[in-house]
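Single-structure report; data block below.
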Amino acid sequence: MKILVTNDDGIFYQGLWILVKELKNIAEVVVVAPDREQSAVGTAVTLHQPLRVQSVRPLVSEVEAYSVEGTPADSVILALGKLFKNKVDLVISGINQGPNLGDDVLISGTVGAAVQGYLHGFPAFAISVATVDSLHLDNAAKLAALLAKKIDSGALPMNILLNVNLPNLPLTKIKGIKITRLASRSHTDTVEEGHDGVRKYYWLVRQGINKDKDERTDIWAIEQGNISITPLHTNLSDKSSPPIMDSFCSDLFQELQP
Ligand code: MN
């Protein structure tokens, strides 16, 4: 098995290399990741400028590693389409520093990279630890290696896209693993205003909240001290569109007529 590892915290972030070190015990590992932090860029792809790639000295020996002057999604597209074409079996993005829960999945660069793996026909997962300091990265690395082994053995469907989050707890304090759905309305956006002496500026502040108290959500699972695994898909269409939409559309078309 050959695993492509990427992230959105930048190629030299320790979470990526702790993951690589653990994965090396069970597979061949290659790294293609952004040359700098690219958190919150979601699935963004660079189409209007060239992508520069640099071979970098790996922090774990015998791992081929490339940094990309681009987004996490760019990195995966480059890896799967060029650098390691036809050579990768699984895409893992992480270990991210900080949670990727609820609606935040839509802007997460960590998830954005995994989405690209999935869209290119590979099993893929994003893995994050739900805190920003003093991380228990070792648990996440161990879990990622176990998941990779399970996926390789066919224990899960191959067209799988998972969003994995761990609470920042020692393994003995983690209660279990829950299959979850994304919590809705999981954050607030506030706009702070300031002045730099020359011009006014705005600062967007995103804060996680938990309004969705359903026990099946990812945020609930994490708050209760569980690992959350959310199976994702990429089709945003609302399957539950009300039947009234049919007549609504024919009426709308009527009104559009001259
Ligand atoms: Mn990040």
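A few points about this structure:
- Selection count, segment 50-65, where residues are under 16 Å from Phe84 (Cβ atoms) and either open to solvent by 80 Å² or more (accessible area, probe 1.4 Å) or in a loop (DSSP other than H, G, I, E, B) (or both): 8
- In summary, strands (runs of 3 or more DSSP E) completely within segment 119-219 and bearing 1 or more residues that are open to solvent by 90 Å² or more (accessible area, probe 1.4 Å) occur at 177-179, 187-195, 200-208.
- Of all the residues in segment 66-105, those that are part of a helix (DSSP H, G or I) and either open to solvent by less than 10 Å² (accessible area, probe 1.4 Å) or modelled with pLDDT of 95 or more (or both) number 14.
- Pick from segment 106-118, criterion open to solvent by 10 Å² or more (accessible area, probe 1.4 Å) and more than 13 Å from the ligand (Cβ to nearest atom), ranking: nearest to Gln224 (Cα to Cα): Leu106
- Against the list (1) open to solvent by 20 Å² or more (accessible area, probe 1.4 Å); (2) closer than 18 Å to Ala114 by Cβ; (3) within 13 Å of the ligand (Cβ to nearest atom), the condition Lys2 fails is (3).
- Residue in segment 232-254 that is modelled with pLDDT under 95, under 30 Å from Leu162 (Cα atoms), open to solvent by less than 100 Å² (accessible area, probe 1.4 Å) and within 18 Å of the chain's Cα centre (by Cα) present: yes
- Of residues in segment 8-49 being assigned to a helix (DSSP H, G or I) and away from the ligand (no atom under 15 Å from the Cβ), the one surrounded by the fewest Cβ atoms within 10 Å (Cβ to Cβ): Lys21
The values are calculated or read from the model by the stated rules, or taken from the named source; none is laboratory data. These figures come from a predicted structure and were not determined experimentally. All Cβ positions, glycine included, derive from the backbone under ideal geometry; neighbour counts span all protein chains shown. For accessibility, only protein heavy atoms count, side chains too; no ligands or nucleic acids. Shrake-Rupley method; radii C 1.70, N 1.55, O 1.52, S 1.80 Å.
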